[in-house]
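Asker: One structure, pasted below without further comment.
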Amino acid sequence: MAAVPGGLFAVYKPAGVAWTCVREAVELRLLRELNAAPARAPRQHVRFLPAPGGAVGLVATRVPVLADHPLVRGPRFTKLKIGAGHRLDVKASGVFVLGIGDGNKLLTDLYNCHLTKVYTVGGLFGKATDDFSDTGKLVEKTTFDHITREKLERILAVIQGTNHKALLMHSNIDMKTQEAYELAVKGLIRPMGKSPPIITAIRCLQFTLPEFQLEIQCLHETQQYLRKIVHEIGLELKSSAVCTQVRRIRDGVFTLDDALLRTQWNLQSIRNAIWDCQLKVKTEIEQTLGHQDKSHLPKMDVEMAQAADS
């Protein structure tokens, strides 16, 4: 009999699909596999039936309980509790973390860790739209021949410097203390509450006019905020720019290597993904929040434990 897995795992959300549709697709696939798995044998009860061969009297006989028949009982699983981590809007793609069963409690812990996320963001110089994306309504066209990679990187350095000051301000830590030094060594200096979007690192990956690609490490952001950053970079360079792609390549401890493709949205792959990520999720939560309570850790089913022993 199949058991419902519990824990955190990541899937790859394609562009053009709402995150709710991704979650529903995963849930439907899991429900289909769980209900198709062999069920336990129906219970037996004793009934007094007429004796065979026309003999007089009744004979005690064990027969299956009709209430356990699949056609009477219906599907064993009808709904799974699947929670979503940091959302991705329809136009964005990349790592999308989901929690199932006990993993929903871990989603809350990871949210309270305020971990950074990393995106690759594509841009195109020479035009501006109403929503900062290349599919929006065209507002204006501009020249871009004067833009060089050096000029772009100078703007990126200014953005990173400004955001670094905001990071220290919203972290509410006295930078002259021993505590601040220890947090800096561990890489834990970050706002542990609500704050505006903050970019902790930004660099240029590719530059081939009119196209360019950035890598942005940030927290408390939205994908629309990243598109607006591309727009503002165009303005600072005396031109204009639109965002052509927003792709999340890391969400906290989850990377692209951890993200399951659509063809891997099945029970066994999700079980394996939960098992593979369990240790690093536990380590990050304990390091950041100092949690000693292990009650939120997902329980391994017997099959996963046996696989680990072998």
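The values are calculated or read from the model by the stated rules, or taken from the named source; none is laboratory data. Everything numeric here is computed off the predicted structure, so don't read it as measured data. With ideal geometry, Cβ positions are generated from the backbone for all residues, glycine too; neighbour counts draw on all protein chains shown. For accessibility, only protein heavy atoms count, side chains too; no ligands or nucleic acids. Shrake-Rupley method; radii C 1.70, N 1.55, O 1.52, S 1.80 Å.
Asker: Restricting to the range 283-293, name every residue that is farther than 20 Å from A84 by Cβ and either in a helix (DSSP H, G or I) or open to solvent by less than 70 Å² (accessible area, probe 1.4 Å) (or both).
Answerer: Keep residues of the range 283-293 that are farther than 20 Å from A84 by Cβ, which gives 283, 286-293.
Those that are farther than 20 Å from A84 by Cβ and either in a helix (DSSP H, G or I) or open to solvent by less than 70 Å² (accessible area, probe 1.4 Å) (or both): T283, E286, Q287, T288, L289, G290, H291.
Asker: Output the residues belonging to the range 237-282 that are touching a residue at least 12 places away in the same chain (Cβ under 8 Å), over 17 Å from the mean Cα position of the chain (by Cα) and loosely packed, with under 15 Cβ neighbours inside 10 Å.
Answerer: K238
Asker: For the range 87-146, give me the residue count where each residue is without any contact (Cβ under 8 Å) to a residue 12 or more places away in the chain and polar (S, T, N, Q).
Answerer: The number of residues fulfilling the criteria is 1.
Asker: Give the range 194-220 a look and list any residue that's out of contact with any strand residue (DSSP E or B) (no Cβ under 7 Å at 6 or more places or on another chain) and more than 16 Å from G122 (Cα to Cα), or say none.
Answerer: Residues satisfying the conditions are K194, S195, P196.
Asker: Residues being of a type outside the set (A, V, I, L, M) and either open to solvent by 80 Å² or more (accessible area, probe 1.4 Å) or over 23 Å from H220 (Cα atoms) (or both): count how many of those fall in the range 111-164.
Answerer: Number of matching residues: 25.
Asker: Within the range 144-183, track down each residue that is out of contact with any strand residue (DSSP E or B) (no Cβ under 9 Å at 6 or more places or on another chain), modelled with pLDDT of 95 or more and not in a helix (DSSP H, G or I).
Answerer: D145, H146
Asker: Residues K91, K81, K13: which one is farther than 29 Å from I216 by Cβ, at pLDDT 80 or above, surrounded by 12 or more Cβ atoms within 10 Å (Cβ to Cβ) and of a type in the set (D, E, K, R)?
Answerer: None of the other options fit; the residue is K81.
Asker: In the range 16-57, which residue that is farther than 21 Å from L107 by Cα and in contact with a strand residue (DSSP E or B) (Cβ under 6 Å, 6 or more places away or on another chain) is least open to solvent (accessible area, probe 1.4 Å)?
Answerer: So the residue we want is A51.
Asker: Please find, within the range 92-108, the residue that is nearest to L31 (Cα to Cα) out of those that are in contact with an Asp or Glu (Cβ under 9 Å, 6 or more places away or on another chain) and not aliphatic (A, V, I, L, M).
Answerer: My answer is F96.
Asker: Among the residues of the range 58-78, how many are in contact with a Leu (Cβ under 8 Å, 6 or more places away or on another chain) and either closer than 30 Å to L107 by Cα or at pLDDT below 80 (or both)?
Answerer: Number satisfying all stated conditions: 5.
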